[in-house]
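Participant: I'd like to ask you about the structure that follows.
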Amino acid sequence: FAQKSRIPFEKFTKMSCYIGDGPGDMIIARETSIYGIGLTTTVNAQALTEAGASETIKDLKELLN
């Protein structure tokens, strides 16, 4: 997406977040320097945090806050 938008990747990572419900998602976020938000619908918060989540939420509605 960054390439198609012609946004430098470093800038893209600073203005993005990756929301996922598995450790693999948080590993991707961490390895690409994108802010990772772990959704605890399938895995507990500790597993997501250990995989690299910057924060965890229980429900997508929490993003509105």
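Participant: What relative contact order, as a whole-number percentage, does the chain give when Cα pairs under 8 Å and 6 or more residues apart are counted? Write down the numbers at each step before the final one.
Facilitator: Values: 107 pairs, mean separation 17.1, N = 65.
It rounds to 26 percent for the chain.
Participant: How much accessible area per residue does the chain have, in Å², with a 1.4 Å probe? Present the calculation step by step, with values, prior to reporting the outcome.
Facilitator: Numbers: 4700 Å² over 65 residues.
Counting only protein heavy atoms, the per-residue value for the chain is 72 Å².
Participant: Let me ask something additional. Compute the distance in nm between two label points, each set 7 Å from the Cα along the Cα-to-Cβ direction, one at E31 and one at A47.
Facilitator: 1.9 nm
Participant: Provide, as a two-decimal number, the C-alpha radius of gyration of the chain over 2.2 N^0.38 Å, N being how many residues it has. Walk me through the intermediate numbers first.
Facilitator: Numbers: Rg = 12.2 Å, N = 65, 2.2 N^0.38 = 10.7 Å.
Taking N as the residue count of the chain, the ratio is 1.14.
Participant: Moving on to the next point. By average Cβ neighbour count within 10 Å, what is the ranking of 27-33, 17-23 from highest down?
Facilitator: On the way: 27-33: 15.3, 17-23: 16.9.
Answer by packing, highest mean first, reads 17-23, 27-33.
The values are calculated or read from the model by the stated rules, or taken from the named source; none is laboratory data. Just so it is clear, the model here is predicted, and its values are computed rather than measured. Methodologically, a virtual Cβ is constructed for each residue, glycine included, from the backbone with ideal geometry; neighbour enumeration extends over all protein chains shown. Just so you know, the surface numbers come from the protein's heavy atoms only, side chains and all, with ligands and any DNA or RNA stripped out. Shrake-Rupley method; radii C 1.70, N 1.55, O 1.52, S 1.80 Å.
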